[in-house]
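Undergrad: Please read through the structure below; I'll follow up with questions.
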Amino acid sequence: MANNVFTISGLSFAYGQKRIFEGLDLSLREGVVTTLIGANGSGKSTLFNLMTKNLKPSAGSVFLRGGDVGLLRLRDFAKLVAIVHQRNTAPADLSVEKLVEYGRFPYRALGRRADAAEDERMVKWALETTGLAEFARQSVSSLSGGQAQRVWIAMALAQGSKVLLLDEPTTYLDVRYQLDILRLVRRLNEEFGMTIVMVLHDINQALHYSDEVVALADGRIVAQGAPERIVTSELLEQVYGISLRVVDVDGKPFVLEV
Amino acid sequence: MVSPLRKAAAFVVTAVALVALFLVAVNAGSLQVTPEQLFNGLFVAYDDTVSTIYDLRFPRIFIAMVGGAATAVSGVLLQAAIRNPLADPGIIGISSGASLAAVLVTGFFPALLFFTPVFAFAGGLIAFLLVYSLSWRGGLSPLRIILVGVAVSTMFTGIMSAFSSSGGATSSSVTSLVDANITMKTWDDFQTIAIYGAIGLVIALLVTKRCDLLALEDKTARSLGVDVNKNRMFISAVAVLLASVSTAIIGPISFLGLIVPHVARLLVGTSHKVLVPYSVVLGAFCLLLADTIGRTIAAPYEISAAVIMSIVGGPVFILLLRKARSSYGE
């Protein structure tokens, strides 16, 4: 398990009578960008919520580098794993800088800052890495959708964890900002060695920006591996229930989504 | 965004207004003193007029200020905890639950008078849990909680009025609690409200960061290590405590916990680190203003502070409701 960031074993989960997972096993590698893909209702969001402690499995466990996340306190989990959820809202008058500072909350002891200098350094780094330094004093609500998404990523970066989880980070954004976010994610992996796990809807973006893809269908893993190795017309039919052509562009698979 | 300068200005202006209002309130009535005479009478030499004012008006003024502060902060916390800008301890039934318990204690167990806030707290908690669970349907709709709250509040108020008018109320203190009239109060009452109120306000100042984080989406707050449900319940309980303390001594006041936080947010922004202390000052000012107007406008008759708050607060609530409707889509 040394090189795996998440190890999921025998995971079962149901929403009431509706069974989503039954004895699911999955390992995700440390230090790479992994994307979960699947049709609506395939279980990828549920899996994401199980990995982020928002849902409790009925059986089995999610291990983070060998430790059961179910036993971790939320605050300790927040120091190890940062999460950017799909939907976010902030008070209209909250500044970018203040929001990014929230990322330091897990490090507060007894309601006080434990290490103010370290907090300041991390917030500065997060703002610079996401290209938001010049907007630091503006309110979050005055930013465009793409910039706002970067603010939430910056808040997650300020947590200082080596693992970043993103739930459909490009939804609601136009294509320019979608690529902007995905390039940032790629950079976080390559420059800072962060492990990234994300859920994406767009197949080609998933293929292009991921080292590894996990394809889900009906609560089962149907394929896992490097995109160029696993993506075929047959797999896509199995995952999405529709026949799509796969062509080769610059040595990478490209799915014709029309 | 609200600039630091504006926040400071809001604090200073409100604090000065509070001091000025205090001097007016001291002089409102048949006895009059100049500020100089007041100072001398209090700190230098015995003065008959000042002594009378000290015993009769001072407790009332201080009780109004502490009660106003507690009720306003209760509104701030409640709005943060249930993410509902229309939450008010009066409207959603907390105050009437607390006040029913306070009336029962005052009427039946006068020996336990100092612990009235504790019983009021229990009553307030029961009312809050009742409203919370009755309006829960896989989530809390801001308008549903208010509808259920109004129903619960009306019921408790009805029981209380029945108790008060059926002659069960032997003392005038019960009647004054039901009407929320800050009259005939003593230094003992002030001591009670000050001790319990201080406990609630100190806790409120310690949870301001958590209030800020609850304004984010639940999952995002959790991702920062905040146990959203636990914090929500705890902050609600502090809100109930503050509203109950005020209710136990003064009686139920509606709309104060709604209007003060709204005005405060406009003036100093949404960060609870500033919003909570500012609401203390503004809440104290508003209730003292309502009480002072109430006892001067139709002198020698007194109109209770709660009545004044209702007359002013009703229209403001309707305005806020109309504004909120567009953002909640219900």
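Undergrad: How many residues are at pLDDT 85 or above and open to solvent by less than 60 Å² (accessible area, probe 1.4 Å) if we restrict to region B:290-313?
TA: 13
Undergrad: Could you please let me know if residue B:64 is within 20 Å of residue B:242 (Cβ to Cβ) and of a type outside the set (Phe, Trp, Tyr)?
TA: Numbers: within 20 Å of residue B:242 (Cβ to Cβ): yes; of a type outside the set (Phe, Trp, Tyr): yes.
When the stated conditions are applied, residue B:64 passes them.
Undergrad: Sticking with this structure for a sec: How many residues are open to solvent by less than 10 Å² (accessible area, probe 1.4 Å), in contact (Cβ under 8 Å) with a residue 40 or more places away in the chain and under 20 Å from residue A:199 (Cα atoms) when one looks only at region A:131-160?
TA: 6
Undergrad: Go through region A:94-118 and give me each residue that's modelled with pLDDT of 90 or more and either more than 23 Å from the chain's Cα centre (by Cα) or open to solvent by 40 Å² or more (accessible area, probe 1.4 Å) (or both). Quick ask: steps written out before the conclusion?
TA: Filtering region A:94-118 down to residues modelled with pLDDT of 90 or more leaves A:94-107, A:117-118.
Hits for region A:94-118 are A:94, A:95, A:97, A:98, A:101, A:107, A:117, A:118.
Let's see how each residue does on (1) within 14 Å of another protein chain (Cβ to nearest Cβ); (2) over 30 Å from residue A:95 (Cβ atoms); (3) open to solvent by 40 Å² or more (accessible area, probe 1.4 Å); (4) of a type in the set (Gly, Ala, Ser):
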site	(1), (2), (3), (4)
B:6	yes, no, yes, no
B:22	no, yes, no, no
B:25	no, yes, no, yes
B:28	no, yes, no, yes
B:37	no, yes, yes, no
B:45	no, yes, yes, yes
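Undergrad: Which residue out of A:45, A:61 is modelled with pLDDT under 95 and either away from chain B (no Cβ under 12 Å) or open to solvent by less than 40 Å² (accessible area, probe 1.4 Å) (or both)? Reasoning before the result, please.
TA: Values: A:45 fails: either away from chain B (no Cβ under 12 Å) or open to solvent by less than 40 Å² (accessible area, probe 1.4 Å) (or both).
It is A:61.
Undergrad: Looking only at region B:255-279, count how many residues are away from chain A (no Cβ under 13 Å), open to solvent by 10 Å² or more (accessible area, probe 1.4 Å) and under 20 Å from residue B:91 (Cα atoms).
TA: Result for region B:255-279: 4.
Undergrad: For residues in region B:202-226 being at the interface with another protein chain (Cβ under 8 Å from one of its Cβ atoms) and acidic (Asp, Glu), which is surrounded by the most Cβ atoms within 10 Å (Cβ to Cβ)?
TA: B:212
Undergrad: Filtering region A:73-85 down to residues that are part of a helix (DSSP H, G or I) and open to solvent by 40 Å² or more (accessible area, probe 1.4 Å), which residue is farthest from the other protein chains (Cβ to nearest Cβ)? Quick ask: steps written out before the conclusion?
TA: Keep residues of region A:73-85 that are part of a helix (DSSP H, G or I), which gives A:74-80.
After this cut, where a residue has to be open to solvent by 40 Å² or more (accessible area, probe 1.4 Å) as well, the list is A:75-76, A:79-80.
Values: A:75: 3, A:76: 8, A:79: 8, A:80: 11 Å.
Only one residue fits best here, namely A:80.
Undergrad: Residues of region B:105-160 being open to solvent by 50 Å² or more (accessible area, probe 1.4 Å), assigned to a helix (DSSP H, G or I) and of a type in the set (Phe, Trp, Tyr), which ones?
TA: B:108, B:114, B:115, B:119, B:121 - these are the residues of region B:105-160 that are open to solvent by 50 Å² or more (accessible area, probe 1.4 Å), assigned to a helix (DSSP H, G or I) and of a type in the set (Phe, Trp, Tyr).
Undergrad: What about residue A:12, is it open to solvent by less than 40 Å² (accessible area, probe 1.4 Å), under 18 Å from residue A:215 (Cα atoms) and part of a loop (DSSP other than H, G, I, E, B)?
TA: Details: open to solvent by less than 40 Å² (accessible area, probe 1.4 Å): yes; under 18 Å from residue A:215 (Cα atoms): yes; part of a loop (DSSP other than H, G, I, E, B): no.
So residue A:12 fails the test.
Undergrad: Let me spell it out: the conditions are (1) surrounded by fewer than 20 Cβ atoms within 10 Å (Cβ to Cβ); (2) within 13 Å of another protein chain (Cβ to nearest Cβ); (3) assigned to a helix (DSSP H, G or I), and residue A:70 meets all of them except one. Which number is the exception?
TA: With respect to (1) surrounded by fewer than 20 Cβ atoms within 10 Å (Cβ to Cβ); (2) within 13 Å of another protein chain (Cβ to nearest Cβ); (3) assigned to a helix (DSSP H, G or I), residue A:70 is out only on (2).
Undergrad: How many of the residues making up region B:227-236 are more than 14 Å from chain A (Cβ to nearest Cβ) and surrounded by fewer than 19 Cβ atoms within 10 Å (Cβ to Cβ)?
TA: Residues meeting the conditions: 1.
Undergrad: Scan region B:47-68 residue by residue and report those that are buried (at least 16 other Cβ atoms within 10 Å of the Cβ), of a type outside the set (A, V, I, L, M) and assigned to a helix (DSSP H, G or I).
TA: Selection gives B:54, B:57, B:58, B:59, B:60, B:62, B:67, B:68.
Undergrad: Under the condition of being aliphatic (A, V, I, L, M) and part of a strand (DSSP E or B), which residue from region A:204-220 is surrounded by the fewest Cβ atoms within 10 Å (Cβ to Cβ)? Lay out the reasoning, then the answer.
TA: The first filter runs over region A:204-220 and keeps only residues aliphatic (A, V, I, L, M), leaving A:206-207, A:213-217.
Pick out the ones that are also part of a strand (DSSP E or B) and you get A:213-217.
Values: A:213: 24, A:214: 24, A:215: 26, A:216: 26, A:217: 20.
That would be A:217.
Undergrad: List pairs: first in region A:202-220 and closer than 17 Å to residue A:167 by Cβ, second surrounded by fewer than 20 Cβ atoms within 10 Å (Cβ to Cβ) and among the basic types (Lys, Arg), Cβ under 6 Å, 6+ apart or cross-chain?
TA: Note: pairs meeting the criteria are A:209/A:186.
Undergrad: Given (1) closer than 17 Å to residue A:169 by Cβ; (2) buried (at least 18 other Cβ atoms within 10 Å of the Cβ), where does residue A:54 come up short, assuming only one miss?
TA: (2)
Undergrad: Looking at region A:101-203, what helices (runs of 4 or more DSSP H) fall wholly within it and have at least 3 residues that are more than 14 Å from chain B (Cβ to nearest Cβ) and among the charged types (D, E, K, R)?
TA: Working: elements: A:116-129, A:145-158, A:175-192.
Hits in region A:101-203: A:116-129, A:175-192.
Undergrad: Considering only region A:89-100, state which residues are β-branched (Val, Ile, Thr) and at the interface with another protein chain (Cβ under 9 Å from one of its Cβ atoms).
TA: Once the filter is applied, which keeps residues that are β-branched (Val, Ile, Thr) and at the interface with another protein chain (Cβ under 9 Å from one of its Cβ atoms), region A:89-100 yields only A:89.
Undergrad: For the structure I just gave you, tell me whether residue B:245 is among the hydrophobic types (A, V, I, L, M, F, W, C) and closer than 21 Å to residue A:102 by Cβ. Break it down stepwise before answering.
TA: Details: among the hydrophobic types (A, V, I, L, M, F, W, C): yes; closer than 21 Å to residue A:102 by Cβ: no.
Criteria not met by residue B:245.
The values are calculated or read from the model by the stated rules, or taken from the named source; none is laboratory data. Treat the numbers as computed from the prediction; the structure is a model and nothing was measured. All Cβ positions, even for glycine, are placed from backbone atoms using ideal geometry, and neighbour counts span all protein chains on display. To get the accessible areas, we keep the full protein, side chains included, count just its heavy atoms, and leave off ligands, DNA and RNA. Shrake-Rupley method; radii C 1.70, N 1.55, O 1.52, S 1.80 Å.
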